[in-house]
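Quick notes on the structure that follows.
The values are calculated or read from the model by the stated rules, or taken from the named source; none is laboratory data. No experiment lies behind these values; they were computed from the predicted model shown. FYI the Cβ positions are ideal-geometry reconstructions off the backbone, even for glycines, and counts take in every protein chain you see.
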Amino acid sequence: MQTRELTQYDVDSIWLINEQGLPGTGKVTPREISHLLELSTLSVGVFSNNELLGFVICLSPGTDYGSLNYVWFNNKYDQFIYVDRIAVSRDYRNRGIGSLLYQEVVSYSNQHSIPIAAEVNLNPPNPGSMRFHERFQFKEVGILHHEDKSVAMLMKIK
C-alpha cells in the first residue's frame, strides 16, 4: 500500500467509496467531489496496485464550501484543518487504512501547529466513527442540529 495526493483522475473512485460509506460520509456527486478536491488543502488516498482503497479530503478555513458543518467551524475557529470526509472501501475496512489516512492529517496538523476539526453523525448514529475519533483523542466541542440529523462537532488539539 502507498499513499499519494488525490487528483481529478481519482474522482470516480472517490465517489464509489463515498457511496459505500453513506449515510456517514454524506451524499455528493462526482462534480461536487471534483470541486472539493479543488478547495482542499490536503487530499490523500491509500492505493494498492493503483486501486484506491480509502481517502481523506481536508479543507482550511475561509473557502467557499457551503457545508453547514464546515461553516460552523469556520464561524468559531480561525485556524484548523477540517476533515470533510474520510472513507475506506467496503472490502478493505478494519485493516488500518483509516488510521493510516488520519496519520497523514495528524502529521499535517503537527507540521502547521493547527487543530483538526471533524464531525460525527449522532442522528443517524455512527458509533464506529465516534470510537475511531475517540482513539485519536478528539473531544466534542459542540453539537449541531440541522435538517433531520445531528452531528457531534469534534476537535483534536495537540
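A few remarks follow.
- Residue satisfying condition, being surrounded by 14 or more Cβ atoms within 10 Å (Cβ to Cβ), in contact with a Lys or Arg (Cβ under 8 Å, 6 or more places away or on another chain) and part of a loop (DSSP other than H, G, I, E, B), within set 25, 63: 25
- Scanning region 87-101 for residues that are under 17 Å from residue 12 (Cα atoms) and small (Gly, Ala, Ser) yields 87, 89.
- Checking residue 38 against (1) in contact with a strand residue (DSSP E or B) (Cβ under 9 Å, 6 or more places away or on another chain); (2) of a type in the set (D, E, K, R); (3) not in a loop (DSSP other than H, G, I, E, B), the condition it does not meet: (1)
- Taken over region 77-101, the criterion of being more than 14 Å from residue 154 (Cα to Cα) and among the aromatic types (Phe, Trp, Tyr) is satisfied by 92 alone.
- When restricted to residues that are part of a strand (DSSP E or B), touching a residue at least 12 places away in the same chain (Cβ under 8 Å) and not hydrophobic (A, V, I, L, M, F, W, C), region 102-136 contains 3.
- Every residue from region 79-90 that is at pLDDT 95 or above and surrounded by fewer than 17 Cβ atoms within 10 Å (Cβ to Cβ): 79
- Check on residue 107, of a type outside the set (Val, Ile, Thr), at pLDDT 90 or above and loosely packed, with under 13 Cβ neighbours inside 10 Å: yes
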